[in-house]
Structure formats: structure tokens, C-alpha cells
Amino acid sequence: MFRSKLIIGLLVTCLLSCSATLLAQPGWTIDPFGKEKKPEKYEEKKLASEKTGEKKFGAVRKFIQNNTSHYNFYFNANNRINTVIERAKISNKDDYAKLLSFYPYSLDNTASQKSDLDSVIYKATAGILLHDLRSEWVDDFYLLIGKSYFLKKDFDSAALTFQFINYNLYPRKKGEEDYNKVVGSNESGVAGAGSVSIADKEKRNIVQKAFTKPATRNDALIWQIRTFTQQNEFGDAAGLISILQNDPNLPPRLKNDLEEVMAYWFYAQNNYDSSAFHLAKALSNADTKDDKSRWEYLLAQLYERTGDFDNASKFYIKAAKQTTNPVMDIYARLNEAKMLRNTGNFKELDNTISNLLSMAKNESFKDIIYYSTAQLSLQKPDTLNGINFYNKSISYNSTSSGYRDKSFLQLANIAYSQKRYTDAHSFYDSLNILANDAEFDSSLIEERKEVLSRLVPKLNSIEREDSLQLLAGMPEAERNAFIKKMVKNYRKNNGLKEEEDFAGTTLITFADKNKAPVDLFKAAAANTGEWYFYNASLKSKGFNEFKSKWGKRANIDNWRRKTAAEAVTSGKDMNASLDPNSKDPGELKSDPNALNNVEFSFDGLMADIPLSKEKIDTSNISIANNIFEAAQIFQNELQDYQQAIVMYEDYVKRFSADIRIPDVYAGLAFCYGKLGNTAKAALYTNLLKTNFAGSNAAKIISNPSLLKPGQKNPEVTARYE
């Protein structure tokens, strides 16, 4: 009871700042209260630490103090700090597409476990205060306190603790307890003439190695380097590193620890070449097999970033063989294959692709596997298979997976480079990324999306109007058969009842063709005597039949025309585009997901076909406007001069009498000039000057400076002056 109450009182004061005595020269003692008074009840009581030196530290006392310190306090505190780190490792989610963090856990995560780390400090403090200070475990308690502060991200307190261990807890010989030895010596008996040593010798015989532990002061020096690095105090860390590198007293057991913190020091400064050099020497320092394979993967990434592809390939293979993480295995195989890019060895790429596909049996990772195989296919290059694998990755992707967006982005970029702008627009529009996402060039994506969002509706509108005009030019019987087949195929593909007969707006399903329609109101009364609108089953049946026949429609007058008008004004009029060249006259050439704005019935589709002169004229005006505007976008915003020429020449063929022909000729002259076809450029320039000499386009092509009226003409300025 006394001990538990006293410990609670002790924690009111900070062990490292409560007394100047604590940071004194060697021969230090602990005044745990400083200016604070003990509770009145315990004023005359002495802690075991205060009794240090009053009794001989004989074999019996030594045995009792060491064992109670170890098993009652250190064991539990050390297990708790290991648990904190293990939890942080479990919570850590690595993205193997990016450079991994150096350690397999985040200090933000360890710091979030503050209560556990505080309990370690509490337990270690109690272990110091309640036992003789000559116990072998005092230095270990201080090291635990320093580690806890470090993991709490309280780096100043951690540095002070490690400094305290370094300054006060070096070993002393019997009779030298009060000798103020300077840390760092070049005595010939210590380190050899001319050299400086700050580490402690650890020459122990077999018996000592079996039954005793090494002092932790040397470990504190390593942790001090890591703390300085975490504080971005790279100069202080470099000083300690330099001394320990040449310190002959640094024990062999800490050589790898020094290599580890050196690798981390270089990593924190983005010096990946040197970081890889030292990390390769520290691999055996990993706590577990998984930690080692993770470091091997990181080492491969570091070699890759410095252009050492041979070593990168070597460690990617090692990581893939040793890891138990299937995601790391996949990425290691993928990245190892990427190291073949300078060899042109397609056979190796094919083998890697085959190995990845053989892993596709695992449902949980199909999205990553197919994305990876797509990436490798593009390396060959095999764009067709790459597109196929990206689509498979998307089909196995959850909406929250990052690989969904990566696959859509790759498909969008491929379509854009191949000038398949409609597909590119669809893929870019499917992306769900944040504006500040560093992994994606969001500014470029948004720029392309904005341009394509204006271009694609025009292209689809042109296609739709052309299809409708083609239908309008067909014989009536052939046109009706075509529309009926379209409706039938659409309803069949969407799981709706097939329709065979069309008489005005009345739709008769094949199943009920020879039956009289059922009066639901009379049926309800006859069966149950219940009013139709109180019968949930009949209401549901009626609703479903209405929806299957008419689709989802608003409760407004003239709903067909209004729906069509809204589709046109919102740029979605292309959704009912037909493919007149299709072998199957019932095939749709459009986005099936966008057909919600179209009434898929015989009358609904017939209403859009321009069968009168007025409708044909309106359709032609729409086509002319969209062709010209699309050509302008191709020319001025996408710099796709070849496609702009296609649009301009189509315009000339179809609308040669239009008032915008001068601008079209100017556009053709400009685009042909950009493509280096001077003959064609000259042809359209002459046509413009000959046939439309007074037009603005002719004036501009003769004097391009008119495009920038605010810009001074150097020749005119010189003549004026």
C-alpha cells in the first residue's frame, strides 16, 4: 500500500527536471521531490533509492534488487513498449507504388498510444525509485523512458534522457565513483593514441555473457542519433555518427544498429544512394522476416531511384521470395520486371506476366494483378492487351480502391493519345481524385476534362443528327421495321417484356397479345372487396407494369417533348445515336448508361426523326454549328490539326454556301501549314483571298498582327520614330 501511494505522489514531478542534482556530474544521487515535500504521512520514510550507499551491496541484496527490478518492473514495461510498436506496425498501410517509409510504423501512430507510453514511463520511474541505484537495471529503465518519449514524439525530453544516460551512467571501477571523467577520451589504454572514444568497452567472458547483460549506454548513443535525425538536427547526428564510426570501443553487437541509423540519416535527407549502401549492411538488424523483406523492397526502390537497376532487380526478387504479404509480392514482381526495360528482353516480360496472371485466382488482389499486368503489357509495348487488363482491373475493383482511378487514368491517357476523344472523356469523367492528390497531375487532368466536356457533346450531336437524317431518308416500311427491332433489342437486353405490335402509343406485350387487358380495379374488388389503392400487391404490380412499358417519367404534361428538349439542352441529345453502318439495324452506337433520357418506345423514337423540312433544317443547323465549333477546339485547344482538317473539309463539302466558309478556309490554311503541307496551305489561302477578299479572315491571314490589336508593330514604330 505504501509503495503504490508513494509512486502516485512521485509521478507529480518529472524525473528529468525535478532537481539539478539529477543532471549533476558522476556520483549523482536522486532527489525525487526536489522542492516538493513528501506527503506528511511518509515524511520520515525513505525510498530504496535514497538508501543507496547506506548498506553494502552484497550478494543477497544484489540478487533481490536485480530480480525484483527485472521481473516486477522492467519485464512488464518493456513488453508494453514492444506492444505499442507492434500495434503501430499492424496499423501501418504501405503503398508499394510509392517509396516506402524507412520504418514499418509511423510515429504518429505510436504517439496516439500516449496512455500506454505514459504507463511505461510510470513503471520505469517506479523501478528506479523503489530499488537500490546500484541495480543492474537502472540504465535499462532510463533507456525505456527515453524510448517512450521518442515514440510519443517528445523529442526534446528523449534527447535529454539519452544525454543523461551518456553523461552519468558510464561504468566506473571500484573506488572511482566520485571521479569526474570527461566523456570522450584519447587515452592510449582506452582507444589507442590519437583516437577519440565515447563508447564503453564490452569485453565480457563466457560466464558474464551467460548471466549478465551489457550496459545500455552504448544503445543510448544510437538512439540519440535517431532522435537528432528525427529533429532534423543533421549536424549533431553527423557528429555522433563520425565518432562512433571510428570508435574502437563500439561493441560489434551495435555495428548493424549504427549502419541502420546512418541509412536513416541519409534517407531523411533524400540521399538515396548512400542510404541504400548502409541499409544493405543493416538488413540483419530487422526484427522479423516480414520487416526484413520490407527493407529489401525499400532497398530495391532506393537502388531503382539511383539508376542501379541490377541491384534493384536483385532485391525485388529477394523481397518477393521472402515476403508473406501478397501485395508486396505482386509489386516486387512488377517492379522487378520493370528493371528489364533497358534489355529489350520480352521473353522475361512474358514470363512475369504469366506468373502474375497465375496469381489471379486470389479474388482479393485481382485488381492489383490485372493493373500490374497491364503496366507490363504497355512496356512491350502491347497496348491492346494493356487496355484489356486495365478494364479487367476496373471490373474487379471496389469503388474505394486506388487502382480503379489508376486504371481509368491509364485508359484515359491511352485514348487521348490515340485521339479517341469520346472514350477519353468518359474515362477522365470516371476519375474520383482530389485536387491536391500528389499521385495524379490533377491540373492536367482537369484541363483535359474541361476541353473534352465541350468537344465530345458536339461530336456526339453530329453523329446523332446524321443517324436520324439517315433514318428519315429510308422508306417508311424499312424505317418502321428498324425502329421496332431497336426497341425490341433494347427491352430484351434490359430485361423488359418484348413488344411485337405497335399501334399509335398502345404497346401490347407478346405474352398478352391474344388476351383482353385485365382491369385491376375490378379484379381488386372481386377478389378481396378491397379498393385498389388500399391493395399493396396490386399497386406494386401496376407500378411495375407501367414502368416496364413507359420507363421512368416525370408527372408533367407533354413529357416526351420536354424530356427530349432537356436532353438536347443538357448536351445529352447524342445518347440515342444510331449506327447506320451497323450490320444489326437494332444496334445502338452510344453509351448505354446514358439512355435514361430517351423514351425507348416506338412513338418516342419516331418523334425524334426529322421527317419534315423544318426539322431537317433545324438538324442541319445543329450539325453545321457543332462541326465548326469542334474543328475550332481541335485546332486551337487540342492542337490536333489533322482532325481539325477532317472537320473543316467535311464542313466545306456539306455547307459550302455558309457564311463561315471564309473562317473554315483560314482554319484549313493554318492547319495544313502547321503540318508542313505548304501546297494545301497555299491553296486555301488563295481561295480565301480570291473568293472572300473583304472578309475578316482574309484580312487576318494577310496581316496576322490584327489578331493582337494591342501589340505594337515594330516596323511601324520604327518609321514613326
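The values are calculated or read from the model by the stated rules, or taken from the named source; none is laboratory data. Just so you know, these numbers come straight off a predicted model, no measurement behind them. Glycine gets a Cβ as well: all are built from the backbone with ideal geometry, and neighbour counts include every protein chain shown. Ligands, DNA and RNA are excluded from the accessible area calculation, which covers all protein heavy atoms including side chains. Shrake-Rupley method; radii C 1.70, N 1.55, O 1.52, S 1.80 Å.
Residues checked against (1) within 24 Å of Ser135 (Cβ to Cβ); (2) crowded, with 17+ Cβ neighbours inside 10 Å; (3) in contact with a Pro (Cβ under 9 Å, 6 or more places away or on another chain); (4) modelled with pLDDT of 75 or more:
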| position | (1), (2), (3), (4) |
| --- | --- |
| Phe155 | no, yes, no, yes |
| Asn168 | yes, yes, yes, yes |
| Tyr179 | yes, no, yes, no |
| Gly192 | no, no, yes, no |
| Lys209 | yes, no, no, no |
| Pro214 | yes, no, yes, yes |
| Gly235 | no, no, no, yes |
| Lys255 | no, no, no, yes |
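Test Phe141 against the stated conditions and say whether it is in a helix (DSSP H, G or I), touching a residue at least 60 places away in the same chain (Cβ under 8 Å) and either open to solvent by less than 30 Å² (accessible area, probe 1.4 Å) or charged (D, E, K, R) (or both). Yes; evaluated as a whole, the condition is true for this residue. Do we have any residue at all in segment 165-178 that's over 22 Å from Gln231 (Cβ atoms) and β-branched (Val, Ile, Thr)? No; the residues of segment 165-178 include none that is over 22 Å from Gln231 (Cβ atoms) and β-branched (Val, Ile, Thr). All conditions but one from (1) among the hydrophobic types (A, V, I, L, M, F, W, C); (2) in contact with a His (Cβ under 8 Å, 6 or more places away or on another chain); (3) free of Cβ contacts under 8 Å to residues at least 40 places away in the same chain apply to Leu117; the one that does not is (2).
Cβ-Cβ distances below 7 Å connect the following pairs, each with a first residue in segment 284-312 that is over 14 Å from Tyr103 (Cα atoms), a second residue that is open to solvent by 70 Å² or more (accessible area, probe 1.4 Å), and a separation of six or more residues or different chains: Thr306/Asp273; Phe309/Asn342. Within segment 588-615, residues that are surrounded by 20 or more Cβ atoms within 10 Å (Cβ to Cβ) reach no partner that is at pLDDT 50 or above and acidic (Asp, Glu) with beta carbons closer than 7 Å at six or more positions or on different chains. Among the residues of segment 460-481, those identified as in a helix (DSSP H, G or I), over 15 Å from Ile621 (Cα atoms) and open to solvent by 30 Å² or more (accessible area, probe 1.4 Å) are Leu470, Glu476, Ala477, Glu478, Asn480, Ala481.
Considering Ser293, Ser313, the condition of being buried (at least 23 other Cβ atoms within 10 Å of the Cβ) and either of a type in the set (Gly, Ala, Ser) or modelled with pLDDT under 95 (or both) is satisfied by Ser293 alone.
Taken over segment 95-126, the criterion of being modelled with pLDDT of 90 or more and assigned to a loop (DSSP other than H, G, I, E, B) is satisfied by Leu99, Leu100, Ser101, Phe102, Tyr103, Pro104, Tyr105, Ser106, Ser112, Gln113.
The set of residues in segment 257-290 being open to solvent by 60 Å² or more (accessible area, probe 1.4 Å) and either charged (D, E, K, R) or in a helix (DSSP H, G or I) (or both) consists of Asp273, Phe277, Lys281, Ser284, Asp287, Lys289, Asp290.
Checking the structure you have, find out if any residue of segment 30-53 is part of a helix (DSSP H, G or I), within 15 Å of Thr125 (Cα to Cα) and either modelled with pLDDT under 85 or not acidic (Asp, Glu) (or both). Yes, segment 30-53 contains at least one residue that is part of a helix (DSSP H, G or I), within 15 Å of Thr125 (Cα to Cα) and either modelled with pLDDT under 85 or not acidic (Asp, Glu) (or both). Within segment 319-337, can you find the residues that are without any contact (Cβ under 8 Å) to a residue 60 or more places away in the chain and surrounded by fewer than 19 Cβ atoms within 10 Å (Cβ to Cβ)? Residues satisfying the conditions are Lys321, Gln322, Thr324, Asn325, Pro326. Here Ala657 meets each of (1) among the aliphatic types (A, V, I, L, M); (2) modelled with pLDDT under 90; (3) touching a helix residue (DSSP H, G or I) at 6+ places or on another chain (Cβ under 9 Å) with one exception, condition (3). Which of the residues spanning segment 242-253 are open to solvent by 10 Å² or more (accessible area, probe 1.4 Å), of a type outside the set (Gly, Ala, Ser) and part of a helix (DSSP H, G or I)? Residues satisfying the conditions are Ile243, Gln245, Pro252, Arg253.
In segment 427-459, the qualifying residues are those that are open to solvent by 60 Å² or more (accessible area, probe 1.4 Å) and of a type in the set (S, T, N, Q), and the one that is modelled with the lowest pLDDT is Asn436.
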